[in-house]
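Notes follow the structure.
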């Protein structure tokens, strides 16, 4: 199946290279979690005790084509590459590709799309 998309947007070149090594199948979504800022807006370094380790937001890097219903029709995905999404606190399959920590979710597990 070649009907997947990869984002070339707000993520690092290394993340993009890692995402190209994994093509999500069916209704799977490859996500890079957004890392908590380590500096304040004023440029002050924040101590580790203050910084949340795991945010519940991420950027969709790649999507599978979707899953099929009982009649064989392809169900559309709820998200697309480059969407900023709200993630569940638990779940997903954590993977590391080329030193990049990524998470693979089912489309239905993603809680929502965040708009600017």
statement: Simple spin-label estimate for residue 55/residue 115, 7 Å along Cα→Cβ, in nm, reads 2.0
task: Quick one: order 60, 113 by neighbouring beta-carbon count within 10 Å, fewest to most.
output: 113, 60
statement: Rounded to the nearest 0.05, FRET efficiency between residue 93 and residue 21 (Cβ-Cβ, R0 22 Å) equals 0.90
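All of the numbers you see were taken from the coordinates with simple rules; none came from a lab. Just so you know, these numbers come straight off a predicted model, no measurement behind them. Cβ: placed from backbone, ideal geometry, glycine included. Neighbour counts: every protein chain shown.
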